[in-house]
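Take a look at the structure below.
The values are calculated or read from the model by the stated rules, or taken from the named source; none is laboratory data. Predicted model only: the values in this text are computed from it and were never measured. Don't worry about glycine lacking a Cβ; one is built from the backbone with ideal geometry, like all the others, and counts go over all protein chains shown.
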(Lines give C-alpha, C1' and ligand atoms only; values in the text may rest on other atoms or scores of the structure.)
Protein backbone atom coordinates (compact mmCIF):
# COMPACT_ATOMS: atom_id res chain seq x y z
CA UNK A 1 0.00 0.00 0.00
CA UNK A 2 1.08 3.57 -0.63
CA UNK A 3 -0.39 4.78 2.69
CA UNK A 4 1.75 4.90 5.77
CA UNK A 5 0.57 2.96 8.80
CA UNK A 6 0.39 6.10 10.96
CA UNK A 7 -2.29 7.63 8.73
CA UNK A 8 -4.61 4.65 9.04
CA UNK A 9 -4.55 4.56 12.84
CA UNK A 10 -5.31 8.25 13.43
CA UNK A 11 -8.97 9.06 14.04
CA UNK A 12 -8.83 12.87 13.74
CA UNK A 13 -7.37 14.92 10.89
CA UNK A 14 -6.90 18.64 10.31
CA UNK A 15 -7.73 19.26 6.68
CA UNK A 16 -9.27 21.63 4.17
CA UNK A 17 -13.01 21.62 3.53
CA UNK A 18 -13.80 22.98 0.08
CA UNK A 19 -16.33 25.77 -0.17
CA UNK A 20 -16.95 28.45 -2.79
CA UNK A 21 -18.11 27.85 -6.32
CA UNK A 22 -16.75 27.01 -9.77
CA UNK A 23 -13.48 28.78 -10.53
CA UNK A 24 -13.61 30.50 -7.12
CA UNK A 25 -12.26 28.07 -4.51
CA UNK A 26 -12.40 28.80 -0.81
CA UNK A 27 -11.36 26.43 1.95
CA UNK A 28 -12.09 26.15 5.65
CA UNK A 29 -9.40 24.63 7.84
CA UNK A 30 -11.32 22.03 9.84
CA UNK A 31 -10.79 19.28 12.37
CA UNK A 32 -12.64 16.20 11.10
CA UNK A 33 -12.97 12.49 11.66
CA UNK A 34 -10.56 10.75 9.29
CA UNK A 35 -13.37 8.58 7.89
CA UNK A 36 -15.63 11.56 7.06
CA UNK A 37 -15.84 12.79 3.45
CA UNK A 38 -13.96 15.94 2.42
CA UNK A 39 -16.98 18.21 2.84
CA UNK A 40 -18.56 16.18 5.64
CA UNK A 41 -19.27 16.79 9.31
CA UNK A 42 -16.76 18.97 11.14
CA UNK A 43 -15.61 18.70 14.76
CA UNK A 44 -14.24 22.26 14.81
CA UNK A 45 -13.34 24.98 12.32
CA UNK A 46 -9.92 26.52 12.91
CA UNK A 47 -9.87 29.18 10.21
CA UNK A 48 -9.95 29.57 6.46
CA UNK A 49 -7.72 29.68 3.39
CA UNK A 50 -8.65 31.79 0.36
CA UNK A 51 -6.28 31.12 -2.56
CA UNK A 52 -7.84 33.89 -4.67
CA UNK A 53 -6.48 36.72 -2.50
CA UNK A 54 -3.64 38.46 -4.35
CA UNK A 55 -1.52 39.02 -1.22
CA UNK A 56 0.00 35.59 -0.56
CA UNK A 57 0.45 36.13 3.16
CA UNK A 58 -3.10 37.45 3.63
CA UNK A 59 -4.73 34.29 2.28
CA UNK A 60 -4.93 32.43 5.58
CA UNK A 61 -6.71 33.23 8.83
CA UNK A 62 -6.03 30.66 11.51
CA UNK A 63 -6.80 30.15 15.21
CA UNK A 64 -3.33 28.93 16.20
CA UNK A 65 -4.18 28.17 19.82
CA UNK A 66 -6.92 25.72 18.88
CA UNK A 67 -4.69 24.19 16.20
CA UNK A 68 -2.02 23.62 18.86
CA UNK A 69 -4.60 21.97 21.08
CA UNK A 70 -5.70 19.54 18.37
CA UNK A 71 -2.10 18.75 17.44
CA UNK A 72 -1.44 18.11 21.13
CA UNK A 73 -4.22 15.54 21.40
CA UNK A 74 -2.96 13.68 18.32
CA UNK A 75 -4.71 15.12 15.26
CA UNK A 76 -2.65 14.86 12.08
CA UNK A 77 -2.68 17.68 9.53
CA UNK A 78 -2.71 17.05 5.80
CA UNK A 79 0.31 18.18 3.77
CA UNK A 80 -1.21 21.54 2.77
CA UNK A 81 -2.46 22.26 6.29
CA UNK A 82 0.95 21.33 7.69
CA UNK A 83 2.52 24.04 5.50
CA UNK A 84 -0.12 26.58 6.59
CA UNK A 85 0.43 25.73 10.27
CA UNK A 86 4.17 26.06 9.85
CA UNK A 87 3.78 29.51 8.31
CA UNK A 88 0.81 30.97 10.22
CA UNK A 89 0.46 28.91 13.43
CA UNK A 90 1.34 30.28 16.87
CA UNK A 91 5.08 29.79 16.21
CA UNK A 92 4.73 30.59 12.50
CA UNK A 93 7.56 31.76 10.29
CA UNK A 94 5.44 34.32 8.37
CA UNK A 95 3.40 35.98 11.13
CA UNK A 96 4.92 39.45 10.68
CA UNK A 97 4.47 39.28 6.90
CA UNK A 98 0.88 38.11 7.41
CA UNK A 99 0.02 41.12 9.60
CA UNK A 100 1.61 43.51 7.10
CA UNK A 101 -0.23 41.87 4.19
CA UNK A 102 -3.57 42.13 6.00
CA UNK A 103 -3.00 45.84 6.58
CA UNK A 104 -2.17 46.36 2.89
CA UNK A 105 -5.32 44.51 1.86
CA UNK A 106 -7.44 46.63 4.22
CA UNK A 107 -5.99 49.85 2.80
CA UNK A 108 -6.25 48.81 -0.83
CA UNK A 109 -9.77 47.44 -0.58
CA UNK A 110 -12.09 49.82 -2.45
CA UNK A 111 -14.87 51.25 -0.33
CA UNK A 112 -18.08 52.86 -1.43
CA UNK A 113 -18.33 56.60 -0.94
CA UNK A 114 -20.50 57.72 1.96
CA UNK A 115 -24.13 58.32 1.02
CA UNK A 116 -25.02 61.87 0.12
CA UNK A 117 -27.74 63.61 2.04
CA UNK A 118 -30.69 64.31 -0.22
CA UNK A 119 -32.24 67.68 0.64
CA UNK A 120 -35.88 67.30 1.54
CA UNK A 121 -38.50 69.88 0.89
CA UNK A 122 -39.23 71.85 3.99
CA UNK A 123 -42.83 72.28 4.91
CA UNK A 124 -43.74 75.94 4.87
CA UNK A 125 -46.11 75.85 7.80
CA UNK A 126 -46.28 73.89 11.00
CA UNK A 127 -48.87 71.10 11.35
CA UNK A 128 -50.83 73.15 13.95
CA UNK A 129 -51.56 75.82 11.32
CA UNK A 130 -52.92 73.37 8.73
CA UNK A 131 -56.56 73.69 9.71
CA UNK A 132 -56.25 77.38 8.86
CA UNK A 133 -55.33 76.40 5.29
CA UNK A 134 -58.58 74.53 4.67
CA UNK A 135 -60.79 77.67 4.79
CA UNK A 136 -58.24 79.46 2.63
CA UNK A 137 -58.85 76.87 -0.07
CA UNK A 138 -62.60 77.63 -0.13
CA UNK A 139 -62.42 81.21 -1.52
CA UNK A 140 -60.82 80.11 -4.82
CA UNK A 141 -63.86 77.86 -5.37
CA UNK A 142 -66.09 80.88 -4.72
CA UNK A 143 -64.20 82.82 -7.36
CA UNK A 144 -64.80 80.09 -9.92
CA UNK A 145 -68.55 80.81 -10.24
CA UNK A 146 -67.78 84.51 -10.53
CA UNK A 147 -65.52 83.75 -13.46
CA UNK A 148 -68.28 81.85 -15.24
CA UNK A 149 -70.70 84.84 -15.09
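Residues in the range 8-46 that are under 20 Å from the mean Cα position of the chain (by Cα) and touching a residue at least 40 places away in the same chain (Cβ under 8 Å): 16, 29. Within the range 105-132, residues that are closer than 30 Å to residue 61 by Cβ reach partners that are outside any loop (DSSP other than H, G, I, E, B) and at pLDDT 75 or above with beta carbons closer than 7 Å, at six or more positions or on different chains, in the pairs 105/58.
Residues checked against (1) within 16 Å of residue 67 (Cα to Cα); (2) surrounded by fewer than 13 Cβ atoms within 10 Å (Cβ to Cβ):
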residue: 12; (1), (2): yes, no
residue: 19; (1), (2): no, no
residue: 22; (1), (2): no, yes
residue: 25; (1), (2): no, no
residue: 31; (1), (2): yes, no
residue: 35; (1), (2): no, yes
residue: 41; (1), (2): no, yes
residue: 52; (1), (2): no, yes
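Quick check on the range 57-83: of everything there that is closer than 15 Å to residue 27 by Cβ and touching a helix residue (DSSP H, G or I) at 6+ places or on another chain (Cβ under 9 Å), which residue is surrounded by the fewest Cβ atoms within 10 Å (Cβ to Cβ)? Restricting to residues being closer than 15 Å to residue 27 by Cβ and touching a helix residue (DSSP H, G or I) at 6+ places or on another chain (Cβ under 9 Å), the top hit is 61.
Being modelled with pLDDT of 90 or more and at negative phi holds for only one residue in 70, 3, and it is 70. Name the residues in the range 84-99 that are exposed (fewer than 13 other Cβ atoms within 10 Å of the Cβ) and under 22 Å from the mean Cα position of the chain (by Cα), would you? 99, the sole residue that qualifies. Which residues, counting only those in the range 36-70, are assigned to a helix (DSSP H, G or I) and over 18 Å from residue 17 (Cα atoms)? Those that are assigned to a helix (DSSP H, G or I) and over 18 Å from residue 17 (Cα atoms): 56, 57, 58, 65, 68, 69.
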